[in-house]
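A quick write-up on the structure given underneath.
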Amino acid sequence: MSIGTLAATMETYSETIQTEELDLAQERELVQRCQKGDVDAMGTLIIRYQHWVYNIAYGILGHHQDAQDVAQDAFLSVWENIGKFEFRSRFSTWLYRIVKNKCFNQIDQHQRRKTDPMEIDDSQPWVPLDTATPEDAALRSEEKDIVHRALSKLKDDYREILVLRELRELPYEEISEILGCTLGRVKSRLHEARKALKKELERVEW
Amino acid sequence: MLAAFQQNSNRIKGFVHPAPPIKDMVMAKIHEELQSDVSAYLDNELAPDRQARVEAHLDSCNECSDMLTAFQENRARIKGLEHPAPLSIQTAVMAQIREQAAKTTVEEPSRTLRFPDLGRWIPDVGRWFLRPVTAGATGFLTLVLILGALYFYPTAPQYEETLDFYFGIHTEQLTDTPFDESLSSIPQDDALESDGDANLFLDLYLENVGN
Ligand SMILES: [Zn+2]
């Protein structure tokens, strides 16, 4: 059985990926309907954003099941807190901020779950490979595995900004809103993150 | 004199030593400064004049152009991690939301009466009670409190005892100072709602105090 069919038998994935941006008016209308308790509008938002929510979480966490849990949790949070959203930013910015926070909560929980406090090594970020399920293995080719391995060695801040920029391709301005920092900070952090990844990939491959 | 001048001139010449590699130092500084913008150059996030300066430097600096190439390749490799989201996210979340919504409509039929902007004026604790999940629980707790209050509210016999007590006091006061106006405001009128009760209290009073 090939890796592809193995993955396909384990989980159903959305066949048509809806990733093109909603325009601001459509987004606003959907959010307003959600604020009035319209469940179908929430369904539409999930369909439009689940791809990126899941992929951002997977990029940061490197673990299929955790990414799925975070994605579900993030959408439930959106539904419960949609009344608080005041259109001060794009909805997607607000959503990604929620996803990012949930990812780091998840990482904190993993860190805390390590029973022996002597085992915690702060210099090493959470390495997800030891907890990878067969499903993770199936989803990863050797190439993907190398990239994941290198990413998992980076500081959380670096992994996060690389996922937002390289994977999601967000502009600096939106990244600065999600991370709550200045444009200058985004620029320098991204540069440092790319240098760190370059170094890590060179190390992993040799 | 001349000899002294020549000696001093030689001394001054003695200070002169080969110039440091100023050009190299300046170039290194420029390289360092421009290299920090390679990332933003790749993202097209630089002002046009800066973008042009970085581009010119990339043509002449192998280190920076190698860095740019590596960044481009790594970007593609991260992009390669993208894959479709599992459908279970959508189904699981929607099932939970519909379940919540069904509960909310049973317990709170006029959900549309909630004002979305209300949240802006209420502190977080208040908003917590308005969340769909907690609104139900809040309603239930309020009901329990009201029922509890009604259940433990002073019952009829206790009420009579209290009135009895008041009646005794007031009657005493009235007999002592029958013309004191202020005493008429004491709620004895409320207490003596029927003549029957009044007579009963009067009898009790006369039995216990009057003699
Ligand atoms: Zn250079």
**Report entry** Residues (of a type in the set (Lys, Arg) and over 22 Å from B:GLN72 (Cα atoms)) located in region B:1-54
**Finding:** B:ARG11, B:LYS13, B:LYS23, B:LYS29
**Report entry** Candidate set from region B:11-52 (those that are within 14 Å of the ligand (Cβ to nearest atom) and in a loop (DSSP other than H, G, I, E, B)); member that is nearest to the other protein chains (Cβ to nearest Cβ)
**Finding:** B:SER36
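How many residues are without any contact (Cβ under 8 Å) to a residue 60 or more places away in the chain and buried (at least 23 other Cβ atoms within 10 Å of the Cβ) if we restrict to region A:144-164? Give the steps one after another, and end with the answer.
Looking only at region A:144-164, we keep the residues that are without any contact (Cβ under 8 Å) to a residue 60 or more places away in the chain, and these are A:144-147, A:149-150, A:153-155, A:157-158, A:161.
This time we only want the ones that are buried (at least 23 other Cβ atoms within 10 Å of the Cβ), so: A:147, A:150, A:161.
Of the residues in that region, 3 qualify.
Quickly run through region A:43-65 and pick out the residues that are farther than 16 Å from A:TYR96 by Cα and not polar (S, T, N, Q). Quick ask: steps written out before the conclusion?
We begin by selecting, within region A:43-65, every residue farther than 16 Å from A:TYR96 by Cα; these are A:43-44, A:62-65.
Residues satisfying the conditions are A:GLY43, A:GLY62, A:HIS63, A:HIS64.
When you scan region A:56-66, do you find a residue that is exposed (fewer than 15 other Cβ atoms within 10 Å of the Cβ) and either in contact with a helix residue (DSSP H, G or I) (Cβ under 8 Å, 6 or more places away or on another chain) or assigned to a helix (DSSP H, G or I) (or both), even just one?
Residues of region A:56-66 that are exposed (fewer than 15 other Cβ atoms within 10 Å of the Cβ), as a first pass: A:65.
Within this subset, residues satisfying the condition of being either in contact with a helix residue (DSSP H, G or I) (Cβ under 8 Å, 6 or more places away or on another chain) or assigned to a helix (DSSP H, G or I) (or both) are A:65.
Looking for residues that are exposed (fewer than 15 other Cβ atoms within 10 Å of the Cβ) and either in contact with a helix residue (DSSP H, G or I) (Cβ under 8 Å, 6 or more places away or on another chain) or assigned to a helix (DSSP H, G or I) (or both), one finds at least one in region A:56-66, hence yes.
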Report task. Report those helices (runs of 4 or more DSSP H) wholly inside region A:74-152 carrying at least 3 residues which are modelled with pLDDT under 80. Result -> A:134-139
Query - Every residue from region B:53-66 that is more than 8 Å from the ligand (Cβ to nearest atom) and crowded, with 19+ Cβ neighbours inside 10 Å - result: B:VAL54
Query - Enumeration of residues in region A:189-206 that are surrounded by fewer than 15 Cβ atoms within 10 Å (Cβ to Cβ) and at the interface with chain B (Cβ under 9 Å from one of its Cβ atoms) - result: A:GLU202
Requested in this report: Only residues that are within 30 Å of A:ASP145 (Cα to Cα) and without any contact (Cβ under 8 Å) to a residue 40 or more places away in the chain: list them for region A:31-62, please.
Outcome: A:ILE46, A:ILE47, A:ARG48, A:GLN50, A:HIS51, A:TYR54, A:TYR58
Query raised in the report: Of everything in region A:153-188 that's polar (S, T, N, Q) and in a helix (DSSP H, G or I), which residue is nearest to the other protein chains (Cβ to nearest Cβ)?
Result: A:SER188
Report summary line: Scanning region A:172-202 for residues that are within 22 Å of B:THR69 (Cβ to Cβ) and in contact (Cβ under 8 Å) with a residue 40 or more places away in the chain gives A:ALA196, A:LEU197, A:GLU200, A:LEU201
Query raised in the report: Which pairs do you get when a residue that is more than 20 Å from A:HIS51 (Cβ to Cβ) and without any contact (Cβ under 8 Å) to a residue 12 or more places away in the chain, found in region A:71-84, comes within reach of a residue that is among the small types (Gly, Ala, Ser) and buried (at least 17 other Cβ atoms within 10 Å of the Cβ), reach meaning Cβ atoms under 8 angstrom, with the pair 6+ apart or on two chains?
Result: A:LYS84/B:GLY119
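The values are calculated or read from the model by the stated rules, or taken from the named source; none is laboratory data. Here the structure is a predicted model, which is why all the values come from computation and not from measurement. Ideal geometry is used to build each Cβ from the backbone, glycine not excepted, and the neighbour counts take in all protein chains shown.
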